[in-house]
């Protein structure tokens, strides 16, 4: 991997043009008490948030994990993480899949204080004064390297008063431009008792459905290179993190765009908008390079840390 073109650049910005795999309609993400997030764009066109930054962060994690094997996807094997086992010694969850990563209650709130005590001991000098971001990044890189890309907030008052935060290095979202509403509906039929109590699941229930069409759907990716350099990690560590971030983007665009039953997208084109001189590596090249990058950085890893959470 040659990342020379990224030296001294504040951001790596990537855009991917998307379209529905079939037909023209798609279903966006929805929010409680709001529904679909429509808004007016700067040119007056109606815009739509198809997938939020929070959801995309989780999807970028999911493409890293082989759910059948319950392990990293082959290209990422060797990265450190925290596994949570139940009282019977069976896998319960882990820091890659948990919404709050190392701040998961299954990692920090159980009777097993392995990770909590480790963090408290290694970050004890931050109880007062400014948070040392470089020291925090070094600890997180060792325990759960991937969390540096995703971002982390250790919201525990016992850990530096709940001030330990690492903003996302890799962020993403999907927007649609010049949208049109496609209304439809249907009926949940009950052939046995059509007029039954619908509150109990009986009876015929008509419903409406709101989908959208758009001439332009775009996925945006932002890799914060300035923040990554600010962690003060070694060149090998930075190269690894950049490669993992690009792997996530490439893998999501290839395998992870079935966002919902009625929102199955595919890539029409992909481009780097900043810096334009950077050639985005293909997925197979990233998969081939990552094992060696992981091996070089492995001396700084804690490996697999295990905690028990009785359920």
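The values are calculated or read from the model by the stated rules, or taken from the named source; none is laboratory data. No experiment lies behind these values; they were computed from the predicted model shown. Here the Cβ positions follow ideal geometry from the backbone for every residue, glycine too, while neighbour counts run over all protein chains shown.
Descriptive notes on the structure:
- Number of residues in the range 225-252 that are under 24 Å from residue 47 (Cβ atoms) and not in a helix (DSSP H, G or I) equals 0.
- Test: residue in the range 63-73 that is assigned to a strand (DSSP E or B), in contact with a helix residue (DSSP H, G or I) (Cβ under 8 Å, 6 or more places away or on another chain) and either surrounded by fewer than 18 Cβ atoms within 10 Å (Cβ to Cβ) or at negative phi (or both): yes
- Criterion applied to 70, 17 was being touching a strand residue (DSSP E or B) at 6+ places or on another chain (Cβ under 8 Å), at pLDDT below 95 and within 24 Å of residue 283 (Cβ to Cβ), and the one residue passing it is 70.
- The range 74-88, subset part of a loop (DSSP other than H, G, I, E, B) and in contact (Cβ under 8 Å) with a residue 12 or more places away in the chain, residue farthest from residue 165 (Cα to Cα): 87
- Here residue 220 fulfils each of the conditions (1) in the same structural domain as residue 171 (by TED's automatic domain parsing); (2) in a helix (DSSP H, G or I) apart from (2).
- Residue within the range 128-135 that is outside the structural domain of residue 83 (by TED's automatic domain parsing), touching a strand residue (DSSP E or B) at 6+ places or on another chain (Cβ under 7 Å) and farther than 30 Å from residue 71 by Cα present: no
- Of all residues making up the range 257-311, the number that are part of a loop (DSSP other than H, G, I, E, B) and closer than 18 Å to residue 63 by Cβ: 4
- Check on residue 58, under 20 Å from the mean Cα position of the chain (by Cα), at pLDDT below 95, surrounded by fewer than 18 Cβ atoms within 10 Å (Cβ to Cβ) and under 29 Å from residue 143 (Cβ atoms): yes
- Here residue 229 fulfils each of the conditions (1) under 30 Å from residue 120 (Cβ atoms); (2) crowded, with 16+ Cβ neighbours inside 10 Å; (3) at pLDDT 95 or above apart from (2).
- Any hit, the range 78-98, residues being surrounded by fewer than 16 Cβ atoms within 10 Å (Cβ to Cβ) and in contact with a helix residue (DSSP H, G or I) (Cβ under 8 Å, 6 or more places away or on another chain): no
- Tallying residues that are at pLDDT below 95, part of a loop (DSSP other than H, G, I, E, B) and surrounded by fewer than 15 Cβ atoms within 10 Å (Cβ to Cβ) within the range 24-44 yields 7.
- Meeting the requirement of 1 or more residues that are out of contact with any helix residue (DSSP H, G or I) (no Cβ under 9 Å at 6 or more places or on another chain), the strands (runs of 3 or more DSSP E) wholly within the range 122-214 are 170-177, 180-188, 205-213.
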